[in-house]
Amino acid sequence: MAARGPRGDITTESILHAADRLLVDRGRVEGISLRAVAGEVGVAVNALYTYFPSLDAIWHDLADERLGRLEPEQLLEHECPHCALLELADRGMALLLTPGTVSLLRRGPVLGRCSFVLSETIMALTEHGDLDPRDAHDLVVGWFCGSAVLEGQGWTSGTDAIRDTDPVEDFPRIAGRSAPDRRQQAEAILRGIGLTHSPSPTKGMNP
């Protein structure tokens, strides 16, 4: 249940929803003030402090809420851990299309229930691979977050734009490179972990 303060019409959930609407509209957390969030909720700034100690706390909890949208626990019912992790990668890439997600994840560690459920699920799905589940988890999360940040900051699209506007005779590999294939990248990581497609019931492994 969402925490309620003195005003029964305001909850932590309603504040997060307001912050989420602003973030979707503007695309990044930078430039969104606590006053703007309060205005979206329809209260004075001081009223928010009953529910969150700071704007950073709002962004942290919103980032955790967005990770919850991946619904990773569902994937523990999948018969094949390899396929379950590919599905998780697909869900993650879809989540990155939600405006502001990359901006939220770049702010720092997300240490909430949803993030813990995600980590627990990844470790459960990788525990029968060739690596320790902690190392496998770090590879999967590192690839996902690293790809998101590089793309969000324009490294990938920026280099692609150069190919179309500047002479690249001295850089034949850049000139001829293909578009990124996230599914192929995920497959390569799973092979490295030692997880190939082979139905193996994972039911009952609850994070």
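Scan the range 15-53 for residues that are among the hydroxyl-bearing types (Ser, Thr, Tyr) and either surrounded by fewer than 18 Cβ atoms within 10 Å (Cβ to Cβ) or touching a Lys or Arg at 6+ places or on another chain (Cβ under 7 Å) (or both) and jot them down.
If the condition is that a residue be among the hydroxyl-bearing types (Ser, Thr, Tyr) and either surrounded by fewer than 18 Cβ atoms within 10 Å (Cβ to Cβ) or touching a Lys or Arg at 6+ places or on another chain (Cβ under 7 Å) (or both), then Ser33, Tyr49, Thr50 are the ones that fit.
Okay, residues lined up against (1) at pLDDT below 95; (2) among the acidic types (Asp, Glu); (3) not assigned by TED's automatic domain parsing to the domain that holds Gly108:
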| site | (1), (2), (3) |
| --- | --- |
| Asp132 | no, yes, no |
| His137 | no, no, no |
| Trp143 | yes, no, no |
| Ala148 | yes, no, no |
| Glu151 | yes, yes, no |
| Gly158 | yes, no, no |
| Arg163 | yes, no, no |
| Phe171 | yes, no, no |
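Take Leu48 and tell me if it is within 24 Å of the chain's Cα centre (by Cα) and of a type outside the set (D, E, K, R). Break it down into steps so the answer makes sense when it comes.
Numbers: within 24 Å of the chain's Cα centre (by Cα): no; of a type outside the set (D, E, K, R): yes.
Against the criterion (within 24 Å of the chain's Cα centre (by Cα) and of a type outside the set (D, E, K, R)), Leu48 does not qualify.
Taking the stated definitions as given, is Asp56 crowded, with 20+ Cβ neighbours inside 10 Å, within 23 Å of Phe116 (Cα to Cα) and of a type in the set (Asp, Glu)?
On the way: crowded, with 20+ Cβ neighbours inside 10 Å: no; within 23 Å of Phe116 (Cα to Cα): yes; of a type in the set (Asp, Glu): yes.
In short, no.
Rundown of residues vs (1) closer than 23 Å to Ala186 by Cα; (2) in contact (Cβ under 8 Å) with a residue 60 or more places away in the chain; (3) in contact with a Pro (Cβ under 7 Å, 6 or more places away or on another chain), yes/no style:
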| residue | (1), (2), (3) |
| --- | --- |
| Gly27 | no, yes, yes |
| Ser33 | no, no, no |
| Gln74 | yes, no, no |
| Cys80 | yes, yes, yes |
| Glu87 | yes, no, no |
| Leu105 | yes, no, no |
| Gly112 | no, no, no |
| Leu131 | yes, yes, no |
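Checking the condition of a type in the set (A, V, I, L, M), outside the structural domain of Arg134 (by TED's automatic domain parsing) and in a helix (DSSP H, G or I), which residue from Val117, Val37 passes?
Val37
The values are calculated or read from the model by the stated rules, or taken from the named source; none is laboratory data. As the structure is a prediction and not an experimental result, all values here were calculated from the model. When we count neighbours, we look across all protein chains shown, and the Cβ atoms used for this are built from the backbone with ideal geometry, even at glycine.
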